[in-house]
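Trainee: Below you'll find the structure I mean.
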Amino acid sequence: MAEPLITLKQVDVEFKEKTRSVHAVDHVDLTVERGDIYGIVGYSGAGKSTLVRTINLLQRPTSGTVSVLGQDMLKLDAAKLRQERRRIGMIFQHFNLMNSRTIADNVAFPLKGTKVTETTADGKKIWRKIKKSEINQKVSDLLELVGLADRATAYPNELSGGQKQRVGIARALASDPEILISDEATSALDPKTTSSILDLLAHLNQKLGLTIVLITHEMEAVKQICNKVAVMDEGRIIERGTLLQIFAQPHEQLTKDFIDTTIQIESAIAAVRKQPAVRDLQAPDQLVRLTYVGASTDQPLVATLFKTYNVTANILFGDIQILQGTPFGNLLVVLSGTQADLDRAFDYLQQSDVTVQHLSANQEGEQA
Amino acid sequence: MNIIEKLFPNVIPIWTGDGGVTQSIGQTLYMTFFTALIAGVLGILIGIFLVLTDDHGLLANRPVYWILDKIVNIFRAIPFIILLAVLNPFTRLIVGTGIGPTAALVPLVLGTTPFFARQVQNALLTIDPGVIEAAEAMGLSPAAIVFRVYLREGLSELIRVGVLTIISVIGLTAMAGAVGGGGLGNLAIAVGYQRFQNDVTWVAMIFILILVFLIQFIGDLFAKRLHH
């Protein structure tokens, strides 16, 4: 079952400067389970980077506890901490490759001088230094995995951004980590490259069972691969849940803003309201937003409304996304019919697990 | 041969022998080499510790940084010719004499080390902190990060500041020569200038220029090979 790999409890990070102190992370609790691709989304300065840096203690929290892979990280001595860090890979916005080394050498970098276990003929496990041939083999496997086998002898400056990030990923995977922290890893890339890097991460999550913590300010990235989301603002997690929960029922305005960057529902509502058909709407006709998740999208909703309830649905905006393999639909429709028919139709929609949000055209604000 | 005799009438008689041209060249090379070696090692060490103990460093330590920083600043602020004089008793104490190329090494090293340390610090600070952070995240120890990241990534920059420093050392050896260190500086001043033998001064200068260009050339060659 779901095993928590990362547990942050009441983690707090305060930067004290001469004249003021900055509360970068404000008593955050976070649990990431094995196999998760956990998206942490927020604007820059929200504390995302600082928060994830407490996972491998690149940033020591001012207070709170950090438990990763069953270890209380704050209790480890320096040598033990370095060993634990090898189990947590990290990739960065600016790739952070070493320009003086080739691609292969960059990937080999974390492997050099490490130890591997070997089972001897009499069944004893011994530690020995890794062999050069083993490093070479591993490096070529990793470059194969990220699709850069042919660039092994190139230098980072000869690669595109997307290729550099692939090298970053290969390097992060060299020590066989169970967790990968992605710190804005796609933020410096164009949309197409971003998408291919995200696909690679999703592939690694599936193939290697890699647990990924992905921080980003792009909801599009979260939508593409994350199964869970936390929204951060001013050092706090203001909302969290599964991807579908967050998309289907966002509570905080910031969350809605982020979702709107990818499905533009809020701006669609604003645009639809300006249309004459909506502005001059006569009661009992009304503008509603229908939101449905999963199975209910398979039903011929609009047809049923008309056939069974004599309610016509004039679709003004429609959007269907596939989130985590589940359809997630949003429709803005004007429903027309008698008040009685409409009431029956709303009952039917509710029974079909379709969320109805009444959007009054004449008033600002929304009614539940 | 005739032209050379005409152009450098005073150089030919003192080409060899005590205080002669070849010996002076040897002394300049000796002072430059050992100063570069000793000050090079010390400067790299101090430079590394300045970077490590800096507020953003891997071993951030305010008091240690403060002390190193102040020592470097003070020694850099003392004009070299005054440092020579001030250090004279100290030089006698450790070398046994205040005169000659070996005695000159003491003020040369003390004058060069802080200068080079600061150059090393600045060279290492040009390395992207993100690369250091990545190495830290990979579980490397501070010592491993120094050797495998700082010195490696900073190598071409270190060579650049190394060449700069060696060239300034050659300048300093000339000054040290003037107060008894020997070398081409001594030749130019004690013989060429004071005996009005301008050709000797010219020859001393030409050899110093050759030395400087040679070092610059070798340095550029290395820097080019490292550039990717």
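The values are calculated or read from the model by the stated rules, or taken from the named source; none is laboratory data. Everything numeric in this text was worked out from a predicted model, so none of it was measured. Glycine also receives a Cβ, built like all others from the backbone with ideal geometry; neighbour counts cover every protein chain displayed. The area values use the complete protein model at the heavy-atom level, side chains included, leaving out ligands, DNA and RNA. Shrake-Rupley method; radii C 1.70, N 1.55, O 1.52, S 1.80 Å.
Trainee: In square nanometres, what is the average projected area of the Cα convex hull of chain B?
Mentor: So the Cα hull casts an average projection of 14.9 nm².
Trainee: Here is a follow-up. Largest first, what is the accessible-area ranking of A:207, B:224 with a 1.4 Å probe?
Mentor: If we order A:207, B:224 from most to least accessible, we get B:224, A:207.
Trainee: If you average 1/r over every pair of different alpha-carbon atoms in segment B:160-228 and take one over that average, what Kirkwood value in Å do you get?
Mentor: That comes to 12.9 Å for segment B:160-228.
Trainee: Continuing with this model, one more query. Suppose every K and R has +1 on its Cβ and every D and E has -1 on its Cβ; what is the size of the dipole of segment A:71-183 about the Cα centre, in Debye to the nearest 20?
Mentor: 440
Trainee: Semi-axes of segment A:92-153's equivalent ellipsoid from the Cα gyration tensor, sqrt of 5 times each eigenvalue, largest first, rounded to whole Å?
Mentor: 28, 13, 10
Trainee: Once you order the gyration tensor axes a ≥ b ≥ c over the Cα atoms, which shape class does segment A:233-316 get: rounded for a/c under 1.5, otherwise prolate or oblate by comparing a/b with b/c?
Mentor: oblate
Trainee: Report the semi-axes of the equivalent ellipsoid for segment A:110-183 in whole Å, largest first, where each axis is √(5λ) for an eigenvalue λ of the Cα gyration tensor.
Mentor: Gyration-tensor ellipsoid for segment A:110-183: 29, 14, 10 Å.
Trainee: Check the straight Cα-Cα distances from residue B:224 and name the aspartates and glutamates below 12 Å, setting aside those fewer than 8 residues away within the same chain.
Mentor: Here the aspartates and glutamates satisfying the reach criterion relative to residue B:224 are B:157.
Trainee: Counting Lys and Arg as +1 and Asp and Glu as -1, what is the net charge of the other residues whose Cβ lies under 14 Å from the Cβ of residue B:149?
Mentor: It works out to a net charge of -1.
Trainee: From the Cα gyration tensor of segment A:40-139, with a ≥ b ≥ c the square roots of its eigenvalues, which class applies: rounded if a/c is under 1.5, or else prolate if a/b is larger than b/c, or else oblate?
Mentor: Here segment A:40-139 falls in the oblate category.
Trainee: Follow-up. Averaged over all directions, how much area does the convex hull of the C-alpha atoms of segment A:264-358 cover when projected, in nm²?
Mentor: That works out to 5.7 nm², a quarter of the Cα hull's surface.
Trainee: Measuring from the lowest to the highest alpha carbon on each principal axis, how far does segment B:113-228 reach, largest first, in angstroms?
Mentor: Per principal axis, max minus min of the Cα coordinates gives 66, 27, 16 Å.
Trainee: Under a 10 Å cutoff between Cα atoms, tell me which one of A:198, A:281, A:244 has the largest fluctuation in the Gaussian network model of chain A.
Mentor: Among A:198, A:281, A:244, the largest GNM mean-square fluctuation belongs to A:281.
Trainee: Tell me: how much accessible area in total is hidden between A and B, 1.4 Å probe, Å², nearest 100?
Mentor: Summed over both sides, the interface buries about 1800 Å².
Trainee: Between B:99, B:25, B:218, find the one with the highest GNM mean-square fluctuation for chain B; connect C-alpha pairs within less than 10 Å.
Mentor: Looking only at B:99, B:25, B:218, the largest GNM fluctuation is found for B:218.
Trainee: What does the charge dipole of chain A about its Cα centre add up to, to the nearest 20 debye, if the Cβ of each Lys and Arg holds +1 and the Cβ of each Asp and Glu holds -1?
Mentor: 1980
Trainee: For residue A:181, what residues show an amide H to amide H distance below 5 Å, using hydrogens built from the backbone and excluding near sequence neighbours?
Mentor: A:89, A:90, A:91, A:213
Trainee: Same structure, new question: Please work out the average accessible area per residue across chain B, using the 1.4 Å probe convention, and give it in Å².
Mentor: So chain B comes to 53 Å² accessible per residue, rounded to a whole number.
Trainee: Moving on to the next point. Using +1 at the C-beta of Lys and Arg and -1 at the C-beta of Asp and Glu, which of A:242, A:187, A:143 has the Cα lying farthest in the positive direction of the dipole of segment A:4-254?
Mentor: Projecting each Cα onto the dipole axis, the largest value belongs to A:143.
Trainee: Helix-only estimate, please: 222 nm mean residue ellipticity of the protein assembly as shown, summing -39500 (n - 2.57) across DSSP H runs of length 4 or more and dividing by its residues, to the nearest 500.
Mentor: -15000 deg cm²/dmol
Trainee: Name the residue, out of A:279, A:85, A:166, whose mean-square fluctuation peaks in a Gaussian network model built on chain A with Cα pairs under 10 Å.
Mentor: Among A:279, A:85, A:166, the largest GNM mean-square fluctuation belongs to A:279.
Trainee: For segment A:210-241, which GluC sites (Glu not before Pro) pass both filters: DSSP loop (anything but H, G, I, E, B) and at most 16 other C-beta atoms within 10 Å?
Mentor: A:234
Trainee: Another question about this same structure. Which whole-number value in Å³ per residue fits the convex hull of the alpha carbons of segment A:4-254?
Mentor: Normalising the Cα hull of segment A:4-254 by residue number yields 151 Å³.
Trainee: About the Cα centre of segment A:224-355, what is the dipole size in debye to 20, counting +1 per Lys and Arg Cβ and -1 per Asp and Glu Cβ, all else neutral?
Mentor: Here the size comes out at about 120 debye.
Trainee: Can you give me the convex hull volume of the Cα atoms of segment A:152-291, divided per residue and expressed in Å³?
Mentor: Hull volume over Cα atoms, normalised by residue count, gives 151 Å³.
Trainee: I've got another one for you. Which of the trypsin sites (Lys or Arg not before Pro) found in segment A:1-63 are loop residues per DSSP with 10 or fewer other Cβ atoms within 10 Å of their Cβ?
Mentor: Qualifying residues, ordered by number: A:18, A:20.
Trainee: Then there is this: Could you quote the convex hull projected area for the protein assembly as shown, Cα atoms only and averaged over all directions, in nm²?
Mentor: Averaging across all directions leaves 42.3 nm² for the Cα convex hull.
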